[in-house]
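Q: What follows is a structure written as structure tokens; I'll ask about it next.
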Amino acid sequence: MVCRRCRTGATSRRRTARVRDRGDPRLHRADALTQNAERLAWRTAAAVGAITTDDRAVIRRHAPSAVVHHLPNGADHLHAVPLPCMEASANDLLFVGNFAYPPSQDAARWLLTTIFPTVALNRPSTALTFVGSAPPAWLREAAQADSRVRVTGPVPDLAGWLDAAQVVVCPLRIGGGVKVKVLEALSRGRAVVTTSVGSQGLGDLPAGAIIVRNDAPSLAQACLGLLTSAESRRSQQQRARDAALLLPTWDQAAEALARAWDSRAGITHRPDLAVTPG
């Protein structure tokens with residue numbers, strides 16, 4: 001079975017070509033090679049796992065005879081009560097990511113250089129925090145140059161940082177699959193501002209659970225609206241808490257994966273969680 005836990009290959013390369021270097025023929029060649037390899041794998045595998053229903057639809061479109069299982073991410077792995085962390089207090093805007101991952105670097109740079117300046121122009125006291133491993137030198141230098149910007153590197157307990165954030169921002173422009181950072185923010189009842197890329201795979205959530213905007217001015221205005229209105233922020237946080245109740249747990253995710261393997265072995269005695277085959 002080919003387990004596509006996140007279909008980032010061709011999707012990431014196509015968006016990278018559009019966002020960063022539209023005319024680079026190397027990216028277009030890599031895009032074509034990745035697409036061909038993916039589609040060959042989908043057509044020849046005994047079964048395929050897709051992390052989102054959107055990915056499942058793409059796989060079925062290109063490999064109609066494929067048996068495709070929906071294998072979701074869980075969202076209940078953060079501590080119920082976060083570990084004490086004095087550093088985590090007073091985060092107006094929070095971005096969480098693995099900065100060794102190019103889509104996170106692209107989002108962080110866009111947030112820092114284009115979105116945050118608009119927010120800060122209208123609300124000069126706004127603080128912006130970047131949490132996650134492998135922050136690049138340019139991001140650390142930005143924090144040294146502007147006291148409102150903080151870069152933590154990896155932290156022992158993410159829950160405390162999420163709980164202290166007024167707004168969790170996820171301005172991703174590249175990538176595929178469900179964004180775990182969005183699931184984690186929802187699981188802590190945070191107001192989330194993201195893009196269409198950041199909201200991939202979350203189409204079944206209640207309308208308004210996350211705020212989706214796709215250009216820098218709209219993202220900045222959405223953040224400002226939440227930062228300057230406690231009522232709007234509380235309302236958005238309640239929507240997030242309501243949505244979090246609908247997110248799968250890791251036990252359910254594990255059961256879905258077990259069902260997929262059982263189906264390959266001809267076992268049919270797991271009635272407690274349905275997995276939709278292709």
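Nothing in this text is a laboratory measurement; each read-out follows from the coordinates by a stated rule. The structure presented is a predicted model; accordingly, all values stated were derived computationally and were not measured. Note that we place each Cβ from the backbone using ideal geometry, even for glycine, and neighbour counts take in every protein chain shown.
Q: With point charges of +1 on the Cβ of Lys and Arg and -1 on the Cβ of Asp and Glu, referenced to the Cα centre of segment 86-244, which listed residue (226, 113, 199) lies farthest in the positive direction of the dipole?
A: 226
Q: Convex hull over the alpha-carbon atoms of segment 86-244: what's its volume per residue in Å³?
A: In segment 86-244, the Cα convex hull volume per residue is 99 Å³.
Q: Take the eigenvalues of the Cα gyration tensor for segment 29-77, scale each by 5, and report the square roots as semi-axes in whole Å, largest first. Intermediate values should be presented prior to the final figure.
A: Working: eigenvalues 91, 39, 16 Å².
Rounded to whole Å, the semi-axes are 21, 14, 9.
Q: Might you report the magnitude of the Cβ-based charge dipole of segment 134-259 about its Cα centre, with Lys and Arg at +1 and Asp and Glu at -1, to the nearest 20 debye?
A: About 200 debye.
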